[in-house]
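**Student:** Right, I'll just put the structure down here and ask away after.
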Amino acid sequence: PSSAAVPRLQNDSWGKQYSHALFKAMSHMLCIGYGQQAPEGMTDVWLTMLSMIVGATCYAMFIGHATALIQSLDSSRRQYQEKYKQVEQYMSFHKLPGDTRQRIHEYYEHRYQGKMFDEENILGELSEPLKEEIINFNCRNLVANMPLFANADPNFVTAMLTKLRFEVFQPGDFIIREGTVGKKMYFIQHGVVSILTKGNKETKLSDGSYFGEICLLTRGRRTASVRADTYCRLYSLSVDNFNEVLEEYPMMRRAFETVAMDRLDRIGEERPAPLCPLPGATAPRP
């Protein structure tokens, strides 16, 4: 600072002089102004303008980096919020009724739980051993609760898990409708479903159970409807992947057939003969 502006600092210690000069510089840079006193003389004017320019640049960089840091701390939640804003605009554009909007909102909350990842892209960038390790870990509860997987060849389990697709259904949703062509079977990770037949018979299935395999084995139409009684977190397996895996593990195909024939007997349906021989696989013994 100039001696005319602060005459008392001329004979003060260097610490006080430096502190006052630092305060004046920070007031220029952080407040983006000329501080407590207007500059005197051309030298003070140009120095003040230079410090203001540097301060404005540093301030903008600080705000930019701080914003980027905050957004990067939870990028998955930000991605979910951006996605859901588009969903809200879509619902508003089509003027969907309020109850439908609420169901869509609840679906997104249960399906993504406030976070959204491009899981296929993430897993696709990993090596096969890492990918299999992650999938086995993510599906550990399903494997632990399902006797079919607990007693099966680990290679069969891994082959199955890598082809599963996660799905969520809300209470009252019909996961399967009787008479339709089946293209998927389902494994229940969590939830309760009801199997409904023509004779008004109702069977409950819960965690660790599976359904929909009859249609894939018989290559026919659905023999019963399946309704979600609670929020259901399921894993689906397409018919092509189902056949691909069972061609490599014919013994597991027989295990599926045994359960399928038992279920057909319970609902009073006639067994197809033979029950779904797959390409390259032998038919089960009568």
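The values are calculated or read from the model by the stated rules, or taken from the named source; none is laboratory data. All values derive from a computational prediction rather than experimental measurement. As a convention, Cβ positions derive from the backbone with ideal geometry for all residues, glycine included, and neighbour counts pool all protein chains shown. Heads up: the accessible areas ignore ligands, DNA and RNA and are worked out on the full protein's heavy atoms, side chains in. Shrake-Rupley method; radii C 1.70, N 1.55, O 1.52, S 1.80 Å.
**Student:** Which residue fluctuates most in the GNM of the chain (Cα springs below 10 Å): Met185, Met252, Met91?
**Tutor:** Answer for the Gaussian network model of the chain: Met91.
**Student:** May I pose another question? Return the calculated 222 nm mean residue ellipticity for the chain, to the nearest 500 deg cm²/dmol, obtained by summing -39500 (n - 2.57) across DSSP H runs with n ≥ 4 and dividing by the residue count.
**Tutor:** -17000 deg cm²/dmol
**Student:** Now for a separate question. Which Cα, out of Leu164, Val226, Ala260, lies furthest along the positive dipole direction of the stretch 138-270 (beta carbon charges, K/R +1, D/E -1)?
**Tutor:** So the residue furthest toward the plus end is Val226.
**Student:** Contour minus end-to-end for Leu130 and Lys16, with contour as 0.36 nm per residue of separation and end-to-end as the Cα-Cα distance?
**Tutor:** Taking 0.36 nm per residue and subtracting the Cα distance, the gain is 34.9 nm.
**Student:** Then there's this: In the stretch 209-271, which GluC sites (Glu not before Pro) fall in coil by DSSP and have 10 or fewer other Cβ atoms within 10 Å?
**Tutor:** Glu270
**Student:** What's the magnitude of the charge dipole for the chain around its Cα centre, counting Lys and Arg as +1 and Asp and Glu as -1 at the beta-carbon? Answer in Debye, nearest 20.
**Tutor:** Computed charge dipole of the chain: roughly 700 debye.
**Student:** What are the ³J(HN,Hα) values, in whole Hz, obtained from phi via the Karplus relation 6.51 cos²θ - 1.76 cosθ + 1.60 with θ = phi - 60°, for each residue of the stretch 127-135 in sequence order, with x given for Gly and Pro?
**Tutor:** Rounded to whole hertz, the list is 6, 4, x, 5, 4, 5, 5, 5, 5.
**Student:** Beyond 31 Å between alpha-carbons counts as too far, so tell me which of Lys83/Lys183; Lys184/Lys204; Lys131/Lys183; Lys85/Lys204; Lys183/Lys204 fall in that bin.
**Tutor:** Result: Lys85/Lys204 exceed 31 Å.
**Student:** Per residue, what accessible area does the stretch 138-270 have, given a 1.4 Å probe and all protein chains present, in Å²?
**Tutor:** Accessible area per residue, the stretch 138-270: 47 Å².
**Student:** Moving on. Using only the C-alpha atoms of the stretch 82-140, find the volume of their convex hull and express it per residue in Å³.
**Tutor:** 95
**Student:** Ok, one more. At most 12 other Cβ atoms within 10 Å and a DSSP loop assignment: could you name the GluC sites (Glu not before Pro) in the stretch 44-127 that fit?
**Tutor:** Counting only loop positions with at most 12 other Cβ atoms within 10 Å, the GluC sites (Glu not before Pro) in the stretch 44-127 are Glu125.
**Student:** Another question about this same structure. When Lys and Arg each count +1 and Asp and Glu each count -1, what net charge do the other residues less than 12 Å away from Ser76, Cβ to Cβ, add up to?
**Tutor:** Charge balance in the 12 Å sphere: 0.
**Student:** If you build the convex hull over the alpha carbons only and average its shadow over all orientations, what do you get for the chain? Give it in nm² to one decimal.
**Tutor:** 26.1
**Student:** Any idea what the dipole of the stretch 138-270 comes to, in debye rounded to 20, about its Cα centre with Lys/Arg Cβ at +1 and Asp/Glu Cβ at -1?
**Tutor:** 300
**Student:** On the first, second and third principal axes, largest extent first, how far apart are the outermost C-alpha atoms of the stretch 138-270 in Å?
**Tutor:** On the principal axes, the stretch 138-270 reaches 39, 32, 22 Å in Cα extent.
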